[in-house]
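Colleague: Have a look at this one before I ask anything.
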Amino acid sequence: MKKVYWRPSKISQGVLILIAFFSLSCLILVERMKTKVEQPYYEEAIAAATLTQKAFSVVKFAAKKKGIQIDPEFDPTQSALIGKLMTPITSNTGHLDSKQTTINPNFAAIIVNMLKKAQLNKDDHVAVGVSGSFPALNIAVYAALKTLDIKPIIISSASASQWGANNVNFSWLDMEKLLVDKGIFNFQSIAASIGGIEDRGLGMSKKGKEILKKLIENKELYFINVKDFTLNVDERMSVYQQGAGTHKIKAYINVGGGTVSVGRYAGKTLYKAGLNKTLPFGGSQIDSIMTRFSRKGLPVLHLIKVNNLAEKYGLPISPTEMVKVGSGQIYYLMEYNDVLAMLALLAILLCLYAFIRSDLGYRIFQSSRKGQAAADKPKQMV
């Protein structure tokens, strides 16, 4: 025998509005009740960011002790990691907002994430190229490497672009040495160049170049001073290999847009900001440190376009105060509560069934509709 059930002969507009309102309420509830999900490598990320913050404090204290004035207009976080517009050791133009964005200890957490994705482990050796243009980002890289106990072989470019570590009395090499002396880091550059255009400071004054040469000499670093571009790349690769000794270099980390490190204009546009696991199309035709390591199948961390990286990981652009450790999507992501979403969907389906496929909805509202004509009552269906 076929089952007999009841269905309203007409669904009122009020009921349809009620169903729509209930469904919308469920959607809003699911959207607002997202859960905070801890991201991978959380503990290491927090440790690296905390170490970065400590290093920032050491630099700031030393700058004040040296009598360096901090201009809050250009350095709103008062970090002492934003330099001046022009000094004798300024190599090139620079973007102030990019420099300000790097004053954030949570960049170290982003770098930890990239290193882990590059499958780097404790005691692995990596080649690193930094310059004075982004001292805060250099510190974040060092903090991430120390936290993960990865062994870097570092070559620095001593000069800095505008707003970088371009103070003659407090250059990047001075900051690096300070942080080693204070026990923040246990490694530093083994070699340095003047940096700037063609890695030889083209366009800089003779006085500026002499200051940098003397600075490198006083820090007892190997001085890379090769005029030919290809020979310069050869020299750096040799320094990296000698620094690694019998160990294999597992990755290359580049901070900034150094010509020898990245390549000339075409090279700067090929590699994406962040982790590059493979050589980009057309990259083999452009000589640079990054290309040579990529040709060997090694991952490359390319830390440029910092504003784009900041937006990707939920960090502020040009913060006006020092950002707290633990801020940003690198630590947590807001994800939907799967159980709540399933319950909301089930509730909507039950609501539709009650009011449209069965007489349950009609029975619920029957008592308030006694005055309706008999023709509106449900009819028996077989």
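The values are calculated or read from the model by the stated rules, or taken from the named source; none is laboratory data. Please read these numbers as outputs of a predicted model, since none were measured by experiment. Glycine gets a Cβ as well: all are built from the backbone with ideal geometry, and neighbour counts include every protein chain shown.
Colleague: Given the condition of a type in the set (A, V, I, L, M, F, W, C) and without any contact (Cβ under 8 Å) to a residue 40 or more places away in the chain, answer yes or no: does some residue in region 97-120 qualify?
Modeller: Checked region 97-120: no residue is of a type in the set (A, V, I, L, M, F, W, C) and without any contact (Cβ under 8 Å) to a residue 40 or more places away in the chain.
Colleague: Give just the number: which of (1) assigned to a helix (DSSP H, G or I); (2) surrounded by fewer than 22 Cβ atoms within 10 Å (Cβ to Cβ); (3) among the hydrophobic types (A, V, I, L, M, F, W, C) does ILE110 not satisfy?
Modeller: (2)
Colleague: Hey, can you tell me all the residues within region 92-107 that are outside any helix (DSSP H, G or I) and touching a helix residue (DSSP H, G or I) at 6+ places or on another chain (Cβ under 7 Å)? Talk me through it step by step, then tell me what you get.
Modeller: So in region 92-107, the residues outside any helix (DSSP H, G or I) come out as 92-95, 102-106.
Scanning region 92-107 gives ASN92, THR102, ILE103, PRO105, ASN106.
Colleague: Follow-up question, since we're still on this one. Would you pick out the residues in region 183-227 that are outside any strand (DSSP E or B), closer than 21 Å to LEU145 by Cβ, small (Gly, Ala, Ser) and in contact with a strand residue (DSSP E or B) (Cβ under 7 Å, 6 or more places away or on another chain)?
Modeller: The one that is outside any strand (DSSP E or B), closer than 21 Å to LEU145 by Cβ, small (Gly, Ala, Ser) and in contact with a strand residue (DSSP E or B) (Cβ under 7 Å, 6 or more places away or on another chain): SER189.
Colleague: Right, another one. Please give the number of the condition GLY328 fails out of (1) under 19 Å from SER131 (Cβ atoms); (2) buried (at least 16 other Cβ atoms within 10 Å of the Cβ).
Modeller: Condition not satisfied by GLY328: (1).
Colleague: Please pick out the residue among GLN39, GLN119 that is under 30 Å from LYS277 (Cα atoms) and modelled with pLDDT under 95.
Modeller: Numbers: GLN119 fails: modelled with pLDDT under 95.
Result: GLN39 is the single residue among GLN39, GLN119 that is under 30 Å from LYS277 (Cα atoms) and modelled with pLDDT under 95.
Colleague: Across region 33-70, what is the number of residues that are more than 24 Å from VAL141 (Cβ to Cβ) and either in contact with a Ser or Thr (Cβ under 9 Å, 6 or more places away or on another chain) or of a type in the set (Ser, Thr, Tyr) (or both)?
Modeller: 1
Colleague: Can we say GLY282 is over 24 Å from the mean Cα position of the chain (by Cα), assigned by TED's automatic domain parsing to the domain that holds PHE56 and of a type in the set (Gly, Ala, Ser)?
Modeller: Details: over 24 Å from the mean Cα position of the chain (by Cα): yes; assigned by TED's automatic domain parsing to the domain that holds PHE56: yes; of a type in the set (Gly, Ala, Ser): yes.
Considered against the rule, which asks whether it is over 24 Å from the mean Cα position of the chain (by Cα), assigned by TED's automatic domain parsing to the domain that holds PHE56 and of a type in the set (Gly, Ala, Ser), GLY282 comes out as yes.
Colleague: Any residue at all in region 144-154 that is in the same structural domain as TYR222 (by TED's automatic domain parsing), over 16 Å from LEU303 (Cα atoms), modelled with pLDDT of 95 or more and in a helix (DSSP H, G or I)?
Modeller: Within region 144-154, one or more residues are in the same structural domain as TYR222 (by TED's automatic domain parsing), over 16 Å from LEU303 (Cα atoms), modelled with pLDDT of 95 or more and in a helix (DSSP H, G or I).
Colleague: Does LEU309 count as farther than 30 Å from LYS34 by Cα, in the same structural domain as GLN188 (by TED's automatic domain parsing) and of a type outside the set (Ser, Thr, Tyr)?
Modeller: On the way: farther than 30 Å from LYS34 by Cα: no; in the same structural domain as GLN188 (by TED's automatic domain parsing): yes; of a type outside the set (Ser, Thr, Tyr): yes.
No, not satisfied.
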